[in-house]
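The values are calculated or read from the model by the stated rules, or taken from the named source; none is laboratory data. The structure presented is a predicted model; accordingly, all values stated were derived computationally and were not measured. Cβ coordinates were reconstructed from backbone atoms using ideal geometry, including for glycine residues, and neighbour counts include every protein chain displayed.
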Amino acid sequence: MDKRPQLRLTVDQYERMIQHGILTENSNVELIRGEIVLKMSKGTAHVSCMKRLAELFYDLTRQIAMSSAQDPIVLADSEPEPDYALLVRQADFYASRKPTAKDVLLLIEVADSSLEYDREIKGPLYAENGIAEYWIVNLIDNCLEVYRDPRPDGTYGDARVLRAGDSISLVRLPTVSVKVDELIS
């Protein structure tokens with residue numbers, strides 16, 4: 001095993017790399033636990049699911065939340081770019097700052113080739129940072145994995161799998177109900 005020290009970046013250092021043009025919109029990376037990580041390519045099923053999410057949540061929440069697709073969320077030592085997020089509405093559309101965990105109403109990852117990574121790396125990261133509700137649209141098993149009740153140890157107290165025919169209301173937007181069929185069709 002290599003014992004050399006690794007360079008870990010802070011969120012501020014990562015932000016400066018973006019500001020100075022070292023990283024650009026075309027870099028296709030995100031900061032995860034201080035490391036710059038390449039984001040995975042998206043297949044047809046993933047892209048199609050993203051379009052369904054955008055249309056569904058725009059219709060359901062346009063007056064009460066803001067939609068965000070593959071945009072950064074600033075966490076303690078990370079700046080992931082989740083596939084989809086519903087955010088607390090801001091008059092300036094987050095022009096003055098990037099959203100943080102407290103702004104997240106719902107965070108969603110769409111998983112086909114990234115399923116293990118979304119469960120084992122991103123899930124604990126989101127729980128540690130207090131993301132109240134995290135979903136994985138699991139395209140492999142054709143289901144919705146729902147994680148709620150985040151704990152500081154990187155686990156969620158409530159984890160469940162929903163399938164076609166099931167519905168779910170959001171924790172922080174209880175008037176918003178989603179049919180699983182609309183996500184995994």
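Screening region 7-16 for residues that are in contact (Cβ under 8 Å) with a residue 24 or more places away in the chain and not hydrophobic (A, V, I, L, M, F, W, C) and picking the one that is farthest from Asp118 (Cα to Cα) gives Glu15. Residues in region 100-147 that are part of a strand (DSSP E or B) and out of contact with any helix residue (DSSP H, G or I) (no Cβ under 9 Å at 6 or more places or on another chain): Thr100, Glu133, Val146.
Which of the residues spanning region 56-82 are surrounded by fewer than 19 Cβ atoms within 10 Å (Cβ to Cβ), assigned to a loop (DSSP other than H, G, I, E, B) and on the phi < 0 side of the Ramachandran plot? Selection gives Arg62, Gln63, Ile64, Asp71, Ala76, Asp77, Glu81.
Within region 17-45, the set of residues being without any contact (Cβ under 8 Å) to a residue 24 or more places away in the chain, in a helix (DSSP H, G or I) and surrounded by 12 or more Cβ atoms within 10 Å (Cβ to Cβ) comprises Met17, Ile18, Ser27.
Might you check whether a residue that is of a type in the set (Phe, Trp, Tyr), under 23 Å from Gly165 (Cβ atoms) and in contact (Cβ under 8 Å) with a residue 24 or more places away in the chain occurs anywhere in region 93-103? No, that holds for no residue. Scan region 163-183 and tell me whether some residue there is of a type outside the set (A, V, I, L, M, F, W, C) and part of a helix (DSSP H, G or I). Checked region 163-183: at least one residue is of a type outside the set (A, V, I, L, M, F, W, C) and part of a helix (DSSP H, G or I).
Results for (1) acidic (Asp, Glu); (2) within 23 Å of Ser185 (Cβ to Cβ), shown as yes or no for each residue.
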position: Leu7; (1), (2): no, no
position: Val29; (1), (2): no, no
position: Lys42; (1), (2): no, yes
position: Cys49; (1), (2): no, yes
position: Glu55; (1), (2): yes, yes
position: Gln63; (1), (2): no, no
position: Gln70; (1), (2): no, yes
position: Glu81; (1), (2): yes, no
position: Leu87; (1), (2): no, no
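Looking only at residues of region 100-117 that are surrounded by 19 or more Cβ atoms within 10 Å (Cβ to Cβ) and not aliphatic (A, V, I, L, M), we find that the one that is modelled with the lowest pLDDT is Ser114. Within region 139-148, restricting attention to residues that are out of contact with any Cys (no Cβ under 8 Å at 6 or more places or on another chain) and touching a residue at least 40 places away in the same chain (Cβ under 8 Å), which residue is surrounded by the most Cβ atoms within 10 Å (Cβ to Cβ)? Checking each candidate, the answer is Leu144. Of the residues making up region 83-96, those that are under 21 Å from Ser27 (Cβ atoms) and either among the hydroxyl-bearing types (Ser, Thr, Tyr) or surrounded by fewer than 15 Cβ atoms within 10 Å (Cβ to Cβ) (or both) number 2. Quick check, is Glu128 crowded, with 19+ Cβ neighbours inside 10 Å, of a type in the set (Asp, Glu) and within 21 Å of Ile36 (Cα to Cα)? For Glu128, the condition - crowded, with 19+ Cβ neighbours inside 10 Å, of a type in the set (Asp, Glu) and within 21 Å of Ile36 (Cα to Cα) - is met. For region 46-55, residues that are exposed (fewer than 15 other Cβ atoms within 10 Å of the Cβ) and touching a residue at least 12 places away in the same chain (Cβ under 8 Å) total 1. Condition check: touching a Cys at 6+ places or on another chain (Cβ under 7 Å), in contact (Cβ under 8 Å) with a residue 12 or more places away in the chain and of a type in the set (D, E, K, R). Does Arg151 satisfy that? No: the conditions fail for Arg151.
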